[in-house]
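S.K.: Below is the structure I would like to discuss, written out as structure tokens.
The values are calculated or read from the model by the stated rules, or taken from the named source; none is laboratory data. None of the values given here were measured: they were computed from a predicted structure. Counting neighbours? That spans all protein chains shown, and the Cβs are built from the backbone with ideal geometry, glycine included. SASA here: full protein model, heavy atoms, side chains in, ligands and nucleic acids out. Shrake-Rupley method; radii C 1.70, N 1.55, O 1.52, S 1.80 Å.
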Amino acid sequence: IIGFGGGSPLDVAKLIAFLNGNTVQAIDEMWGVDMCKGDRLPLVQVPTTAGTGSEVTPISILTTGKSEKMGVVSPVLIPDIALLDPELTLGLPAHVTAATGIDAMVHAIEAYASTSANNNPLSKVLAKQALRLMGAALETAVHTPRDIEARSDMLLGSLLAGQAFANSPVAAVHALAYPIGGHYKVPHGLSNALVLPQVLRLNAVIAPQSYAEIAACAFPDLAGLRPQAAATAFAEAMADLSKRCGLQQRLRDLGIKRGALPMLAGDAMNQTRLLVNNPRTVTQADALAIYEAVW
């Protein structure tokens, strides 16, 4: 099976390879972590966005029904081969480049700060290098789209971030992004970009050290700051980067009504697989406050 495209087709390719391999499972028996029983067909992934990192992760995310996103997580889904060709990304529109690029940076950020027992020195090294590459390349890739070096660095950074969060799972940013994408079909990267700064600000109050350690990887001018100042500046720098890349900054800009925010907050609480990895406990009131702040 060959997966070709952005994160969605790559994720679908993983499940097609598994469901057509040595398995008699129905997909409803596979949701969650380590629920896959059996083998899959050989799998090659060719990403055309930089992006999800799905070409190296054991995760497949699907929209179920009309609005909810659910995941299948199993080592059997890790592809055999990932092929990175930056020429395949040269034609990406600026807004897709920006949204997928922020998504990849979120993978590295959340992997580094994750409280998962699987967080380890190797995942941290991968996350740091991913942020060094993408922090320096994203704006160039957005505004000078045929810069092959920037496109190469974004693809490699996305892959490294994928390897990082495949070991050390993501957390509240993704938990709050999924309901936005599920209900309103907002691209996943943009959903992440909308809530990222607010989640960083929330977490930095009680857990600044991890963000301080990676701030200068993405933004070298933040080197030398004390942990609290660095964590706060990192949140602001990510917000500014999103703006400079031309992404929408408000839920209202996407047609989301203020009255829908409590529903989004309630749905975010269902993402327990992700919320458990966040440096700070996120309550439904916290989730609502974050959505209010970005509305």
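S.K.: Just to be sure I understand: with springs between alpha-carbon atoms less than 10 Å apart, which residue in Val12, Val173, Val44 has the highest mean-square fluctuation in the Gaussian network model of the chain?
M.R.: Val12
S.K.: Additional query: Mind jotting down the distance between the C-alpha centroids of segment 190-219 and segment 67-92, whole Å?
M.R.: 25 Å
S.K.: In whole angstrom, how far apart do the alpha carbon centroids of segment 12-26 and segment 104-142 sit?
M.R.: Their Cα centres are 30 Å away from one another.
S.K.: Based on the Cβ-Cβ distance of Val125 and Leu225, what FRET efficiency does E = 1/(1 + (r/R0)^6) give at R0 = 30 Å, to the nearest 0.05? List each step's numbers first, then the result.
M.R.: Values: r = 22 Å, r/R0 = 0.73.
After rounding to 0.05, the efficiency reads 0.85.
S.K.: Return the lysines within reach of Lys69: Cα separation strictly under 19 angstrom, same-chain partners fewer than 8 residues apart disregarded; answer none if there are no such residues.
M.R.: Lys14, Lys185
S.K.: Find how much the distance from Arg244 to Gln209 grows on full extension, using 0.36 nm per residue of separation minus their present alpha carbon separation; answer in nm with one decimal. Write out the running numbers ahead of the final one.
M.R.: Details: separation 35, 0.36 × 35 = 12.60 nm, distance 2.63 nm.
Stretched fully, the Arg244-Gln209 segment lengthens by 10.0 nm.
S.K.: Now for a different question. Mean-square fluctuation check for the chain, GNM, Cα pairs under 10 Å: which of Ala111, Ala207, Ala223 is largest?
M.R.: Of Ala111, Ala207, Ala223, the Gaussian network model singles out Ala223 as fluctuating most.
S.K.: Next up: How much of the accessible area of segment 1-152, in percent, comes from carbon and sulfur atoms when a 1.4 Å probe is used? Write out the running numbers ahead of the final one.
M.R.: Working: 3920 of 6600 Å².
About 59 percent, which is the carbon plus sulfur part of the accessible surface.
S.K.: Please report the relative contact order for segment 11-169, taking Cα pairs under 8 Å with a sequence separation of at least 6, and give it as a percent rounded to a whole number. Numbers along the way, then the final one.
M.R.: On the way: 319 pairs, mean separation 41.6, N = 159.
Relative contact order for segment 11-169 comes out at 26 percent.
S.K.: Let me spell out the model: positive unit charges on the Cβ of Lys and Arg, negative unit charges on the Cβ of Asp and Glu, origin at the Cα centre of segment 38-197. What dipole size does that give, in debye rounded to 20? Intermediate values should be presented prior to the final figure.
M.R.: Values: 9 positive and 12 negative charges, 73 e Å.
Using Cβ point charges on Lys, Arg, Asp and Glu, segment 38-197 gives about 340 debye.
S.K.: Taking amide H atoms as placed 1.01 Å from N in the peptide plane, list the residues 5 or more away in sequence, or in a different chain, whose amide H sits under 5 Å from that of Thr64.
M.R.: Hits under the 5 Å cutoff: Lys69, Met70.
S.K.: Relative contact order for the chain: what percent, with Cα pairs under 8 Å and sequence separation of 6 or more? Present the calculation step by step, with values, prior to reporting the outcome.
M.R.: Numbers: 617 pairs, mean separation 51.4, N = 295.
Once divided by the residue count of the chain, the mean separation gives 17 percent.
S.K.: Taking the Cα centre as origin and putting +1 on Lys and Arg beta-carbons and -1 on Asp and Glu beta-carbons, what dipole magnitude results for the chain, to the nearest 20 debye?
M.R.: Working: 21 positive and 24 negative charges, 118 e Å.
Here the size comes out at about 560 debye.
S.K.: Rounded, prolate or oblate: pick one for segment 62-109, where a ≥ b ≥ c are the square roots of the eigenvalues of its C-alpha gyration tensor, a/c under 1.5 means rounded, and failing that, prolate if a/b is larger than b/c, else oblate.
M.R.: Numbers: a/c = 1.90, a/b = 1.27, b/c = 1.49.
Verdict is oblate for segment 62-109.
S.K.: Can you give the accessible area per residue of the chain, in Å², using a 1.4 Å probe? Please report the intermediate quantities before stating the final value.
M.R.: Values: 12110 Å² over 295 residues.
The answer is 41 Å² per residue.
S.K.: Identify which of Thr89, Thr100, Thr283 has the largest mean-square fluctuation in a Gaussian network model of the chain, with springs joining Cα atoms closer than 10 Å.
M.R.: Comparing Thr89, Thr100, Thr283 in the GNM, the peak value goes to Thr283.
S.K.: Here's another thing I want to ask about it. Assign one of three labels to segment 128-192, namely rounded, prolate or oblate, based on the Cα gyration tensor with a ≥ b ≥ c the square roots of its eigenvalues; rounded applies when a/c is under 1.5, prolate when it is not and a/b is larger than b/c, and oblate otherwise.
M.R.: Numbers: a/c = 2.98, a/b = 1.43, b/c = 2.09.
Here segment 128-192 falls in the oblate category.
S.K.: Would you list Leu83, Leu155 from the most to the least accessible area, probe 1.4 Å? Let's see the in-between values first.
M.R.: Numbers: Leu83 90, Leu155 5 Å².
Most to least solvent-accessible, the answer reads Leu83, Leu155.
S.K.: Let me ask something else. Considering just Cα atoms, how many Å³ per residue does the convex hull of segment 34-132 enclose? Could the numbers behind the result be given before it?
M.R.: Values: hull volume 14.8 nm³, N = 99.
That works out to 149 Å³ per residue.
S.K.: Identify the trypsin sites (Lys or Arg not before Pro) of segment 11-84 meeting these criteria: DSSP loop state and at most 12 other C-beta atoms within 10 Å of the C-beta.
M.R.: Sites meeting the loop and neighbour criteria: Lys66.
S.K.: Please work out whether the chain counts as rounded, prolate or oblate from its C-alpha gyration tensor, where a ≥ b ≥ c are the square roots of the eigenvalues and a/c under 1.5 means rounded, while otherwise a/b larger than b/c means prolate and anything else oblate?
M.R.: Numbers: a/c = 1.43, a/b = 1.19, b/c = 1.21.
Taking the square roots of the gyration eigenvalues as a ≥ b ≥ c, the chain is rounded.
S.K.: If you don't mind, another one. Picking from Ile16, Ala204, Ile81, whose Cα lies most toward the positive end of the charge dipole for the chain (charges on Cβ: Lys, Arg +1; Asp, Glu -1)?
M.R.: Projecting each Cα onto the dipole axis, the largest value belongs to Ala204.
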